[in-house]
Amino acid sequence: MPLFGGATVTGINFDNAASTPPLTRVRDVVNRFSDLYSSVHRGTGYKSRLSTEAYEQSRDLVAKFLGVDEKDQVVIFVKGTTDALNRIAAEEARLDGRQVLVTEMEHHADLLPWRHRSGHVMVGLSDEGHIDLDAIEQALKEAGGKISLVALCGASNVTGFVSPIHEVAELAHRYGARISVDAAQLAPHHRIEVRPADDPGHLDFVSLSGHKMYAPYGAGVLVAPRDFFAGAPEVMGGGAISIVTWDDTVWADLPDREEAGSPNVIGAVALGVAIETLRELGFDEMLDYELALGRRMLEGLSRIERVSVLGGVEPCTAAGRLALAGFVVDGMHHGMVASALSHEWGIAVRHGCFCANPYVFHLLHMSRDDVDAVEGEVNAGRRKALPGAVRASLAPYNTEAEVDRFLEAVAHIARGRIKASYEQAADGTFAPSGGWPRIPSPLHAVVKR
């Protein structure tokens, strides 16, 4: 990676919560499969039959990975978690007068579809930012049966806190609601068990994205109860029907009815290979390694003056926290910290509110008046005022040496030892005076290489 001053350094990717690179095995399978790819399901040619087999085998791998009982639930390939949650919300919106319960922790993908379709009830969190089971139960009680769904993230992309999804599922079912788990952050690190439908803690809906599971080829998964999709699908087109006449439409059985158009076969195959590879490597072993790195990172951040970790520095544990830290440096804009980490140290992180504005506002202890003032600035086109934090998120391929280099970099930045002069653009981002080093035609460079 190019650095300020002209040097280069081996880059460090601590932005895994946003997206992950492909596993080598996934990349190699995709490259080989590309020579055999063809349209699936109705083609009689060899490539079409082979592609169909690979596509459906990937569906089976997802079902086994999550412990899905396919008599009661269906595995649907979608574009990603956001697509999956919007599909649930579109169907849920048909239940007139029913509401969706969400928490302040949710990613915008698990908030906005309910807010702007079904209507939602939002419950608060503990001061540190943990799920409040008592608040969820109280909201369910007070709703008197009007809440039909509880939408919950499996793990936060801001603090790494792991949600008690099965305990929440039991509460939801006790009060006549279903549960939807946004597993985008949880699935790459934890085995998730859907559990049988007669288990009080079973999960009704699970959504996840391949690009966060080392298969960034545009596919995701929605697991849903078979009886949920009662009417016409949200997305209509070829493959979703049994027959169309001049006057009538007969919809196909699941999952075809919810997979209209030409599916992303290569993306589904990539996700299946990633799941198979992660299972072979061993989730428990990978998680133990990640958590050890996470504890090293949190302990190191806690020792740096002027650095505060969102949600506190309680250690990373399998049931409690992923190897992820959102943090702020007192007196410094989060954008400048992130820019300095990249430009002067070659360390990729993320900054901002991580598509979870209400949660970040909560963790930063902002009042409603504070938020209203920021909203006014943003509406006026002045995004420089947007609050936020810096996030470092780890994966099994990261190392202790990388964590130590990151901590050294944060310590230097927190002490004001910054080499470049940074300017903030109108959109709130920071860049060194004179701009970033020019990247000559990236696509051409990759193809040429």
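The values are calculated or read from the model by the stated rules, or taken from the named source; none is laboratory data. This structure is a prediction, so every number in the text was calculated from the model and none was measured. No Cβ is skipped: glycine too gets one built from the backbone with ideal geometry, and neighbour counts run over all protein chains shown.
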### Query
Applying the selection to segment 393-416, what residues are surrounded by 13 or more Cβ atoms within 10 Å (Cβ to Cβ), part of a loop (DSSP other than H, G, I, E, B) and of a type outside the set (S, T, N, Q)?
L394, A395, P396, Y397
### Task
Take E276 and decide whether it is crowded, with 17+ Cβ neighbours inside 10 Å and not aromatic (F, W, Y).
yes
### Message
Take the residues in segment 352-369 that are in contact (Cβ under 8 Å) with a residue 12 or more places away in the chain and assigned to a helix (DSSP H, G or I); name whichever of them is surrounded by the most Cβ atoms within 10 Å (Cβ to Cβ).
### Response
Y359
### Query
Do you know which residues across segment 95-121 are surrounded by fewer than 20 Cβ atoms within 10 Å (Cβ to Cβ), out of contact with any Gly (no Cβ under 6 Å at 6 or more places or on another chain), over 13 Å from P358 (Cβ atoms) and not charged (D, E, K, R)?
L95, G97, H116, G119, V121
### Summary
For segment 147-169, pairs from a residue that is under 24 Å from C353 (Cβ atoms) to a residue that is of a type in the set (D, E, K, R) and part of a helix (DSSP H, G or I), with Cβ under 8 Å and 6 or more apart or across chains, are A151/D110; L152/D110; C153/D110
### Query
Mind checking whether some residue in segment 112-121 is under 17 Å from the mean Cα position of the chain (by Cα), among the aliphatic types (A, V, I, L, M), assigned to a helix (DSSP H, G or I) and more than 24 Å from R226 (Cβ to Cβ)?
yes
### Task
Starting from residues that are assigned to a helix (DSSP H, G or I) and among the aliphatic types (A, V, I, L, M), keep the ones in segment 370-381 and report whichever is modelled with the lowest pLDDT.
V378
### Message
Of the residues K419, K384, only one is over 28 Å from the mean Cα position of the chain (by Cα) and either of a type in the set (D, E, K, R) or in a helix (DSSP H, G or I) (or both); which?
### Response
K419
### Message
Out of F65, F33, I need the residue that is of a type in the set (F, W, Y), surrounded by 18 or more Cβ atoms within 10 Å (Cβ to Cβ) and in contact (Cβ under 8 Å) with a residue 12 or more places away in the chain. Which one?
### Response
F65
### Message
Consider segment 323-356. How many of its residues are among the charged types (D, E, K, R) and in contact with a Leu (Cβ under 9 Å, 6 or more places away or on another chain)?
### Response
1
### Query
Any chance segment 171-178 includes a residue that's in contact with a strand residue (DSSP E or B) (Cβ under 6 Å, 6 or more places away or on another chain) and among the basic types (K, R)?
yes
### Query
Regarding E137, is this residue touching a residue at least 24 places away in the same chain (Cβ under 8 Å), farther than 27 Å from F327 by Cα, touching a Gly at 6+ places or on another chain (Cβ under 9 Å) and in a helix (DSSP H, G or I)?
no
### Query
Can you tell me which residues in segment 202-248 are surrounded by fewer than 16 Cβ atoms within 10 Å (Cβ to Cβ), over 27 Å from A177 (Cβ atoms) and small (G, A, S)?
G237, G238, S242
### Summary
In the set A197, A232, the lone residue that is in a loop (DSSP other than H, G, I, E, B), of a type in the set (A, V, I, L, M, F, W, C) and under 19 Å from R87 (Cβ atoms) is A232
### Message
I'd like to know if segment 86-106 contains one or more residues that are in contact with a Cys (Cβ under 9 Å, 6 or more places away or on another chain), modelled with pLDDT of 95 or more, of a type in the set (A, V, I, L, M, F, W, C) and more than 20 Å from A230 (Cα to Cα).
### Response
yes
### Query
Would it be correct to say that D69 is closer than 22 Å to P225 by Cβ, among the acidic types (D, E) and not in a helix (DSSP H, G or I)?
yes
